[in-house]
1. Counting only residues that are farther than 13 Å from V91 by Cα and either surrounded by fewer than 24 Cβ atoms within 10 Å (Cβ to Cβ) or small (G, A, S) (or both), how many does the range 43-68 have?
2. Scan the range 159-195 for residues that are crowded, with 19+ Cβ neighbours inside 10 Å and closer than 19 Å to M34 by Cβ and jot them down.
3. What are the residues in the range 35-61 that are in contact (Cβ under 8 Å) with a residue 60 or more places away in the chain and over 18 Å from E240 (Cβ atoms), if any?
4. If we keep just the residues of the range 106-121 that are under 21 Å from E81 (Cα atoms) and β-branched (V, I, T), which is farthest from the chain's Cα centre (by Cα)?
5. Please report, ordered by residue number, the helices (runs of 4 or more DSSP H) entirely within the range 1-94 with at least 1 residues that are under 14 Å from the mean Cα position of the chain (by Cα) and acidic (D, E).
6. With closer than 25 Å to P201 by Cα and at pLDDT 95 or above as the only criterion, which of L16, L65, L77 stands out?
7. For the range 115-122, indicate whether the set of residues that are hydrophobic (A, V, I, L, M, F, W, C), at pLDDT 95 or above and in a loop (DSSP other than H, G, I, E, B) is non-empty.
8. When you go through E192, E240 one by one, which is the residue that is acidic (D, E), within 18 Å of S40 (Cβ to Cβ) and in contact (Cβ under 8 Å) with a residue 12 or more places away in the chain?
Amino acid sequence: MEEKANLLPGERIDDLQRNNLKIIQNEEKFCFGMDAVLLSGFAKVKPGERVLDMGTGTGIIPILLSAKTEAGHLTALEIQEESADMARRSVAMNHLQEKIEVVTGDIKEASAIFGKATFEVVTCNPPYMNDMHGLKNPELPKAIARHEVLCSLEDVVREAAAVLKPNGRFYMVHRPFRLAEIFAMCQKYKLEPKGMRLVHPFADKEPNMVLLECLKGGKSMIKIAPPLIVYKEPGVYTDEIYEVYGY
């Protein structure tokens with residue numbers, strides 16, 4: 001197969017089940033999770049808008065947004081060159097080079113790289129855990145993806161606010177246990193929380209993810225969407241999850 005000639009040792013091609021899109025991943029490094037897919041379904045992008053995905057990993061969110069929205073252009077920022085390289089090869093494999101640009105760079109320097117007030121939409125699936133939360137994975141790519149090793153929540157929020165145009169929208173997926181901190185940080189940088197949806201593994205379990213929409217310079221008012229339930233029974237997704245995945 002011609003596609004497989006593009007793979008490095010340990011890599012595989014996964015079918016995204018949408019618009020014939022595929023993505024290159026390496027299980028030993030880091031594979032995208034449901035949180036990234038849910039964020040791509042939660043983010044609203046109007047036709048022609050410019051989008052920045054901060055900490056894109058292997059590019060899953062921009063690739064899915066290219067199918068789910070009519071974005072004018074998508075930029076993917078990733079600090080780990082190995083992941084950025086996989087993202088670039090996935091973009092090329094899907095013939096999306098005109099739509100998606102992958103940039104190797106640091107979230108902490110996003111506004112210096114791209115300039116202030118450049119994008120209408122910013123998305124981010126950031127590291128969830130700070131140094132207080134559990135053990136870091138000794139394998140650095142996974143540690144960087146899961147723990148605030150190279151950037152903090154404040155770095156993410158500050159740079160999102162800086163690169164957004166007035167009334168631009170910031171979409172993030174995170175953990176509910178950090179919500180108070182997230183709200184405080186967003187308001188510090190004039191990103192007003194406007195929409196929130198909690199994600200529950202089962203209807204009777206407490207939420208383990210939160211999807212958040214913030215408006216740059218927005219007024220104080222938040223709309224809470226109905227909870228999103230992942231499984232109706234063990235191993236069986238709810239209809240809404242199948243919808244998000246495009247099955």
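1. Filtering the range 43-68 down to residues farther than 13 Å from V91 by Cα leaves 43-55, 68.
When the remaining residues are screened for being either surrounded by fewer than 24 Cβ atoms within 10 Å (Cβ to Cβ) or small (G, A, S) (or both), the result is 43-50, 55, 68.
The total comes to 10.
2. Y171, M172, V173, H174
3. V45, K46, E49, R50, V51, L52, D53, M54, G55, G57, I61
4. I113
5. Numbers: elements: 34-42, 60-68, 81-93.
Output list reads 34-42.
6. Working: L16 fails: at pLDDT 95 or above; L77 fails: closer than 25 Å to P201 by Cα.
Result of the check over L16, L65, L77: L65.
7. Of all residues in the range 115-122, those hydrophobic (A, V, I, L, M, F, W, C) come to 117, 119, 121-122.
If we keep only those that are at pLDDT 95 or above as well, we get 117, 119, 121-122.
Then keep just the ones that are in a loop (DSSP other than H, G, I, E, B); that gives 117.
Yes, the range 115-122 has at least one match.
8. On the way: E192 fails: within 18 Å of S40 (Cβ to Cβ).
On inspection, the qualifying residue turns out to be E240.
The values are calculated or read from the model by the stated rules, or taken from the named source; none is laboratory data. Everything numeric in this text was worked out from a predicted model, so none of it was measured. FYI the Cβ positions are ideal-geometry reconstructions off the backbone, even for glycines, and counts take in every protein chain you see.
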